[in-house]
1. Suppose the filter is surrounded by 17 or more Cβ atoms within 10 Å (Cβ to Cβ) and assigned to a strand (DSSP E or B); does Ala114 pass it?
2. Just one of (1) surrounded by fewer than 18 Cβ atoms within 10 Å (Cβ to Cβ); (2) assigned to a helix (DSSP H, G or I) trips up Gly107, so point out which.
3. Name the residues in the stretch 57-86 that are of a type in the set (A, V, I, L, M), under 15 Å from Leu14 (Cα atoms) and in a strand (DSSP E or B), would you?
4. Give me the residue from the stretch 95-104 that is in contact (Cβ under 8 Å) with a residue 12 or more places away in the chain and in a loop (DSSP other than H, G, I, E, B) and, out of that set, nearest to Thr165 (Cα to Cα).
5. Only one residue in Gly74, Gly82 is modelled with pLDDT under 95 and either of a type in the set (A, V, I, L, M, F, W, C) or touching a His at 6+ places or on another chain (Cβ under 8 Å) (or both), so which one is that?
6. Would you point out the residue of the stretch 1-12, among those that are among the charged types (D, E, K, R) and in a loop (DSSP other than H, G, I, E, B), that is nearest to Leu67 (Cα to Cα)?
Amino acid sequence: MKTTVRRLDAPQVLAAADELGDLLTDTVADGASIGFLAPLARTAAVDWWRERADALAVGHLAVWAALGGDRIVGTVSLAFPGRPNSRHRAELVKLMVHRDARGAGLGRRLLTVAEDAAVAAGITLLHLDTETDSPAEHLYRSAGWTRAGVIPDYAASPAGVLRPTTLYYKRVGTGAGADGRPVPMDGPAA
């Protein structure tokens, strides 16, 4: 399946909320610990995506979607802190690939798009958390992310079982704009 990855703005996320909600429910149903318990109602997943629009509109969040055929089969986001002392970093959040699209390198491609966009924005440090011993850990380690540590009983799995979470970070890019702040987030559309 040929996929294209493009950055979504707030109106596009609102327009695609149903598809993004389907991806979110599929990811949770498959057991990924991304902040939700199973079964995740489709309406709750769609609403969650709609609630992201404000953060997108003010630049606190960037979202990319992978389109395969006529539907969204993957997504990744970067969350940007608004505090002056943290403008050099971003959090990689909600990297998801639909079960039907796995095994073809789409997770790695989405990760690369987010990392490249972070560099283009002047970000020098990325961080994330993921369920310990999850398949996602292999992806992050193989992409050069550094394990910072494990927090026991950090989050509940979709089944409601408390699980440890591993924190990762990655240094990217070389720095910021002339004023010492990250350059505006225009990132590649890929």
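The values are calculated or read from the model by the stated rules, or taken from the named source; none is laboratory data. Values in this document were obtained by computation on a predicted structure and should not be read as measured data. Every residue, glycine among them, receives a Cβ derived from its backbone with ideal geometry; neighbour counts consider all protein chains shown.
1. The answer is no for Ala114.
2. (1)
3. Within the stretch 57-86, Leu61, Ala62, Val63, Ala65, Ile72 qualify.
4. Step one: filter the stretch 95-104 for residues in contact (Cβ under 8 Å) with a residue 12 or more places away in the chain, giving 95-101, 104.
Subsequent filtering for residues that are in a loop (DSSP other than H, G, I, E, B) retains 98, 104.
On the way: His98: 22, Ala104: 26 Å.
Of everything passing the filter in the stretch 95-104, His98 is nearest to Thr165 (Cα to Cα).
5. Values: Gly74 fails: modelled with pLDDT under 95.
So the residue among Gly74, Gly82 that is modelled with pLDDT under 95 and either of a type in the set (A, V, I, L, M, F, W, C) or touching a His at 6+ places or on another chain (Cβ under 8 Å) (or both) is Gly82.
6. Residue satisfying both the conditions and the ranking: Lys2.
Every residue, every condition in (1) at pLDDT 95 or above; (2) over 20 Å from Leu78 (Cβ atoms); (3) surrounded by 19 or more Cβ atoms within 10 Å (Cβ to Cβ), yes or no:
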| position | (1), (2), (3) |
| --- | --- |
| Thr132 | yes, yes, no |
| Leu139 | yes, no, no |
| Gly144 | yes, no, no |
| Arg171 | yes, no, no |
| Ala189 | no, no, no |
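Residue by residue, here is whether (1) surrounded by 18 or more Cβ atoms within 10 Å (Cβ to Cβ); (2) touching a residue at least 60 places away in the same chain (Cβ under 8 Å) holds:
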site: Thr3; (1), (2): yes, yes
site: Leu8; (1), (2): yes, no
site: Ala16; (1), (2): yes, no
site: Thr27; (1), (2): yes, yes
site: Gly31; (1), (2): no, yes
site: Ala44; (1), (2): no, no
site: Asp54; (1), (2): no, no
site: Val58; (1), (2): no, no
site: Arg83; (1), (2): no, no
